[in-house]
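Just below is one structure, and these are the notes that go with it.
Nothing in this text is a laboratory measurement; each read-out follows from the coordinates by a stated rule. Since the structure is predicted, the reported quantities are computational estimates derived from the model, not experimental observations. So basically every Cβ, Gly included, is an ideal-geometry build from the backbone, and we count neighbours across all protein chains shown.
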Amino acid sequence: MAVYTLSEYPKQLEAADDSVIIIEPLRPENRDALLEFFLRVPEDDRYYLKEDVTSPKVVGEWIDNMDYSRALPLIAQEDGRIVADGTLHRRRAGARSHLAEIRIVVDPDYRNKGVGRALMRELISIAEDSGLEKVIFELVADEQDDAKAAASALGFVQLSVVPNHIKDVRGRLHDLLIMELPLGKWRQWWNY
Ligand SMILES: CC(C)(COP(=O)(O)OP(=O)(O)OC[C@H]1O[C@@H](n2cnc3c(N)ncnc32)[C@H](O)[C@@H]1OP(=O)(O)O)[C@@H](O)C(=O)NCCC(=O)NCCS
């Protein structure tokens with residue numbers, strides 16, 4: 001079982017517009033700020049998330065049962081306001097224990113400033129440092145093009161397409177894209 005080293009947090013990130021953003025693991029006292037953050041995320045974006053993030057019960061259960069070996073949440077904050085949330089999800093079962101999935105959401109007011117990329121880089125570094133072999137990123141074709149661009153900019157490549165897997169609010173079907181980033185040489189590649 002991979003162990004995460006989190007001693008370097010909190011970390012400061014200088015975003016593209018000089019705002020000072022702090023990245024650190026989610027803590028129980030962030031419960032209300034996290035709910036407020038998800039309420040600021042547009043409904044269209046929330047619709048594609050895997051859980052009902054505006055439900056106090058759902059968010060409360062995450063916080064009360066926090067288990068980094070299953071889901072490690074990192075948050076980005078400015079002046080105590082959460083502006084992005086990214087998680088590294090693991091499966092404990094043996095056959096999938098070498099990989100992790102990244103999920104990420106950025107406050108619309110803070111998009112295109114490098115916050116999403118910074119948070120994804122942190123999660124990838126944590127995964128790499130803990131000996132994981134690859135990271136997966138799932139997204140909805142046509143509806144999450146920004147996410148595809150962000151993942152591609154970090155070196156993710158498209159692995160497969162699950163046709164017509166996702167239904168939008170109007171009942172139209174969209175492909176699910178699965179992207180992957182092999183670890184091990186990722187940091188060398190990134191620093192090159
Ligand atoms: C995807 C998402 C997390 C990106 O966050 P972000 O903070 O805006 O992304 P960044 O500013 O760090 O951009 C990273 C890279 O992505 C690309 N990118 C991001 N937004 C883009 C856009 N609107 N158009 C084109 N490229 C874009 C760029 O290549 C950028 O690299 P650059 O800084 O060298 O230009 C954000 O749009 C979001 O929260 N979307 C809704 C939720 C979602 O789709 N999550 C993914 C599935 S879990």
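From Ala76, Ala100, Ala84, grab the single residue that is closer than 19 Å to Asp44 by Cα and outside any helix (DSSP H, G or I).
Unique residue meeting the criteria: Ala84.
Filter segment 88-97 for residues that are surrounded by fewer than 21 Cβ atoms within 10 Å (Cβ to Cβ) and not in a loop (DSSP other than H, G, I, E, B); which is farthest from the ligand (Cβ to nearest atom)?
Gly94
Based on this model, can you work out whether Leu49 counts as under 26 Å from Glu138 (Cβ atoms) and more than 14 Å from the ligand (Cβ to nearest atom)?
no
Answer yes or no: is there a residue in segment 60-71 that is touching a residue at least 40 places away in the same chain (Cβ under 8 Å) and within 16 Å of the ligand (Cβ to nearest atom).
No, the conditions are met nowhere in segment 60-71.
Which residue pairs have Cβ atoms closer than 9 Å, lie 6 or more positions apart in sequence or on different chains, and pair a first residue in segment 144-159 that is in contact (Cβ under 8 Å) with a residue 24 or more places away in the chain and of a type in the set (D, E, K, R) with a second residue that is assigned to a loop (DSSP other than H, G, I, E, B) and more than 8 Å from the ligand (Cβ to nearest atom)?
As it stands, the answer is Lys148/Ala141; Lys148/Phe156, since those pairs meet every condition given.
What are the residues in segment 98-107 that are without any contact (Cβ under 8 Å) to a residue 60 or more places away in the chain and either within 13 Å of the ligand (Cβ to nearest atom) or surrounded by 15 or more Cβ atoms within 10 Å (Cβ to Cβ) (or both), if any?
If the condition is that a residue be without any contact (Cβ under 8 Å) to a residue 60 or more places away in the chain and either within 13 Å of the ligand (Cβ to nearest atom) or surrounded by 15 or more Cβ atoms within 10 Å (Cβ to Cβ) (or both), then Leu99, Ala100, Glu101, Ile102, Arg103, Ile104, Val106 are the ones that fit.
Conditions (1) crowded, with 16+ Cβ neighbours inside 10 Å; (2) touching a strand residue (DSSP E or B) at 6+ places or on another chain (Cβ under 6 Å); (3) among the hydrophobic types (A, V, I, L, M, F, W, C), marked per residue:
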{"position": "Tyr9", "(1), (2), (3)": "no, yes, no"}
{"position": "Ala16", "(1), (2), (3)": "no, no, yes"}
{"position": "Ile22", "(1), (2), (3)": "yes, yes, yes"}
{"position": "Pro42", "(1), (2), (3)": "no, no, no"}
{"position": "Tyr47", "(1), (2), (3)": "no, no, no"}
{"position": "Thr54", "(1), (2), (3)": "no, no, no"}
{"position": "Asn65", "(1), (2), (3)": "no, no, no"}
